[in-house]
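The values are calculated or read from the model by the stated rules, or taken from the named source; none is laboratory data. As the structure is a prediction and not an experimental result, all values here were calculated from the model. Virtual Cβ from ideal backbone geometry, glycine too; neighbours counted across all protein chains shown. Calculation scope for accessible area: heavy atoms of the full protein, side chains included, ligands and nucleic acids excluded. Shrake-Rupley method; radii C 1.70, N 1.55, O 1.52, S 1.80 Å.
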Amino acid sequence: YHNAFNRNEAVMELPYFQYKDYSYWINKLSSAGFFAKEVQFWKKRLEGKTTSIHIPTEQQRPKKYLNTGKSEVFSIPLDTMSGLRRLAKEKNMTVFSVLLTFLKIVLRAYSHQDTITIGTPISGRVLPQLQDQVGYFLNAVPVLTTIKGDEFLDELLNIVSANISESYSHANVSF
């Protein structure tokens with residue numbers, strides 16, 4: 001980019017492995033049935049489960065979907081983040097696992113649903129050749145958790161962390 005911007009004549013070599021090669025490779029694996037076990041896992045895992053969350057709203061939803069949502073930006077206070085990091089370290093898990101557990105607890109409280117599924121992004125750069133490539137390699141992975149309501153926090157943290165690990169170990173199927 002810098003050379004093009006300054007009109008330098010330096011020519012960049014094309015990378016050996018390009019996004020089109022990745023697309024071809026994934027399509028070839030898919031058509032050869034390489035992902036059959038992964039697909040079977042997800043069919044079994046999600047079978048009969050509600051994957052949408054129904055939360056009561058203050059206003060009735062319009063009959064026609066308008067796609068006029070909003071974003072809410074917020075910050076977590078430093079002392080709260082310190083506590084979350086400490087808890088994650090004590091439980092030998094990531095802060096992401098702790099936050100996802102709390103989010104699932106809140107969503108269960110509002111929705112009154114026992115099964116909470118949240119799609120989480122994961123990098124699809126499974127090959128070392130993809131690390132320096134330009135392209136969309138992101139995948140969304142559903143993390144499904146059933147919360148009975150009588151679990152202690154420690155138990156829920158372990159359940160959600162195990163659900164994350166299980167989902168990520170089957171992340172090769174695109175959703």
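Taking only pairs that are 8 or more places apart or on different chains, how many Lys pairs in the chain have Cα atoms under 16 angstrom apart?
For the chain, qualifying lysine pairs total 5.
Starting from the 7 Å offset along Cα-to-Cβ, what nm value, one decimal, do you get for the label separation of I122 and W25?
For I122 paired with W25, the spin-label model returns 1.8 nm.
Could you work out which residue, out of K148, K64, K37, moves most in a Gaussian network model of the chain, that is, has the largest mean-square fluctuation with Cα springs under 10 Å?
K64
Keeping all protein chains in place, calculate the accessible area per residue for the chain (probe 1.4 angstrom), answer in Å². Don't skip to the end; give the middle numbers.
Details: 13510 Å² over 175 residues.
Per-residue value: 77 Å².
Round to a whole angstrom and tell me the spacing of the C-alpha centers of the range 57-77 and the range 116-175.
Centre-to-centre distance over Cα atoms comes out at 25 Å.
Report, please, the projected area of the chain averaged over directions, based on the convex hull of its C-alpha atoms, in nm².
16.4
Taking a spot 7 Å from the Cα of F17 along the direction of its beta carbon, which residues of the range 120-140 have an amide N less than 17 Å from it?
Backbone N within reach: 123-139.
What longest range of the chain stays clear of loop-exposed GluC sites (Glu not before Pro) (DSSP non-H/G/I/E/B, at most 12 other C-beta within 10 angstrom)? Please list the in-between numbers first.
Details: sites that count: E9, E13, E47, E58, E72.
Of all site-free stretches, the longest is 73-175.
Quantify, in whole percent, the carbon and sulfur part of the accessible surface of the chain (1.4 Å probe; protein heavy atoms only).
Whole-percent figure for carbon plus sulfur exposure: 56.
So what's the back-of-envelope 222 nm ellipticity for the chain, counting only DSSP H runs of four-plus at -39500 (n - 2.57) apiece and dividing by all residues, rounded to 500?
-13000 deg cm²/dmol
Could you check the simple spin-label distance between T51 and S75, using points 7 Å along Cα→Cβ, in nm with one decimal?
If labels sit at T51 and S75, their model points lie 3.7 nm apart.
For the range 155-175, list residues with backbone N below 19 Å from a point placed 7 Å from the Cα of K44 toward its Cβ?
Zone members listed by number: 162-174.
Using modelled amide H (1.01 Å from N, peptide plane; none on Pro or chain starts), what sits under 5 Å from the amide H of V141, excluding residues fewer than 5 places away?
Correct list: T120, I122.
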